[in-house]
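Inspection log for the structure reproduced underneath, given as structure tokens.
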Amino acid sequence: MLVISFRGATTPGRTSVACAYLLETMLERLCNSGFQSQQIRTHRILCDNSNPHTLHTSSAFKTSAHCTADYGNIRSFGSQAAAHLAPLGLAYTEKLSSWSSTGMIGRRPAMFGWYGPEIWRDRKDLQPCQAILDENLAKTEFTATIIDGKLIAEEIRQEIAEEIMRLKSQTNGKVPGLAVVLVGSRKDSETYVRSKKKACKEVGIISLEENLPVDSSEEEVLNIVRKFNDDPSVHGILVQLPLPKHMNEERVLAAISVEKDVDGFHPLNIGKLAMQGRTPLFVPCTPRGCIELLLRSNVEIKGKRAVVIGRSNIVGTPAAMLLQRNQATVTVVHSYTPNPAEITREADIVIAAVGVAHLVRGDWIKPGAVVIDVGINPIEDPSAKKGYRLVGDVCFKEAAMKASAITPVPGGVGPMTIAMLLRNTLDSAKRAYGLLD
């Protein structure tokens, strides 16, 4: 049993609100980290004036290893709990009662540490971007060269279209096929799928689509994936994320054949990317697009200092591995990094991929550095037709006065992601037909 106590001089009512909020947050985080709802046996909030206000959560675990992993998620919750309780005059403590016969529950995993979510917005040492607050900066002339991702992506698409024509002539009319599985009717997901279908048509890739209702079972989705795995005319499979909450995303993605994993997220592909002397079948599309932008812009990577801001499985982590493969000296900055601006300021190459609008300020950038901005964040803009506009993770107006080259948002990394998806699909088809160099 994990016991979390909230102690301090406050009224039961206020404490009840705090405990209820924290309980809801904890249960949501536990479920997201792999708990099944039926594993959480009981939870109750005890509030009275004489005793510490204590939240008890008892959970059953199948193995001590499972418990250790999930207890790590509970521990990462603690620092945020303390921050929420401080304004109420409450303190935060926790302890673990172990009933496991193995004696392993709650033991700190020495190798992997604790999992913790990336939270940048609550940091007090980060200031708002002056480019938003100071209209005078709009009149400033930029010194940085703009890396036109849209133009480079168009060049790559043209190359892909020409290669597909050659493939077609060499294989008696066979062309690459990309299958997309969409569950539900999220507007953003539908938009992404339409853009991918349009891009496929433009270069000559056959696009297949399976649309399932949001209440479909996980097994139904897995059956669709298995069908495409067995279809020789399909060379790439893409399951549009996010999936509905009742589905195990990891299980669904793992069901995709590694030979058709054009998103590049299969553990075998990521594992080979991390190892010297190994070649993954596919590299994740957005990180590959970042490196392609650097290479096609004649940016020297070998021997340079690079900082990747963000460590997601989709962008940050594989981007850092790709830079290292290109002989850069790489530092990863994340939300627990002290002095992120000081570290980033040492970089010749900066890749920002955190999903926080205008996080990276101009004073984070070393004069002459190259900046790749992966972020796509909506911010309110009453003058815009839709009431908002898209901005990156980098404060563009400030950074463009320091950097030697920078990608815009939109029109930078975004178009490259789809271009790399097309490239991965073509490579898969050429591999299937024995034509990959």
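The values are calculated or read from the model by the stated rules, or taken from the named source; none is laboratory data. Please read all numbers here as calculations on a predicted model, not as lab measurements. Positions of Cβ are backbone-derived with ideal geometry, glycine not excepted, and every protein chain shown enters the neighbour counts. Surface accessibility is based on the protein's heavy atoms, side chains included, excluding ligands, DNA and RNA. Shrake-Rupley method; radii C 1.70, N 1.55, O 1.52, S 1.80 Å.
Miscellaneous remarks
- R0 of 25 Å, Cβ-Cβ distance D125-S312: FRET efficiency to nearest 0.05: 0.70
- Most to least packed among 187-194, 404-411, 322-329 [average Cβ atoms within 10 Å]: 404-411, 322-329, 187-194
- Karplus-derived 3J(HN,Hα), 6.51/-1.76/1.60, for each residue of the stretch 248-258, Hz, glycine and proline x: 8, 4, 4, 5, 5, 5, 5, 6, 5, 4, 4
- 26 Å Cα-Cα threshold exceeded, pairs from K304/K430; K197/K272; K272/K366; K124/K402: K304/K430; K197/K272; K272/K366
- Under a 5 Å amide H cut-off, with hydrogens placed 1.01 Å from N, L238 pairs with A179, V180, V181 among residues at least 5 apart or on other chains.
- Taken one residue at a time, the phi angles of the stretch 375-384 give Karplus couplings (6.51, -1.76, 1.60, θ = phi - 60°) of x, 9, 10, x, 10, 5, 8, x, 6, 7 Hz. Gly and Pro are set to x.
- Surface share of carbon and sulfur [accessible, 1.4 angstrom probe, percent] for the stretch 174-278: 54
- The stretch 174-278: relative contact order in percent, alpha carbon pairs under 8 Å with at least 6 residues between: 31
- Modelled label reach - R431, point 7 Å along Cα→Cβ, the stretch 222-255 residues with backbone N closer than 20 Å: 225-240, 252-255
- Peptides 422-431, 371-380 ordered by average Cβ neighbours within 10 Å, highest first: 422-431, 371-380
- By average C-beta atoms within 10 angstrom, highest first, the peptides 248-259, 144-155: 144-155, 248-259
- Rounded to the nearest Hz, the phi-derived 3J(HN,Hα) couplings of the stretch 291-305 under the Karplus curve 6.51 cos²θ - 1.76 cosθ + 1.60 (θ = phi - 60°) are 5, 4, 4, 5, 5, 6, 9, 6, 8, 6, 9, 4, x, 8, 8, where x marks glycine and proline.
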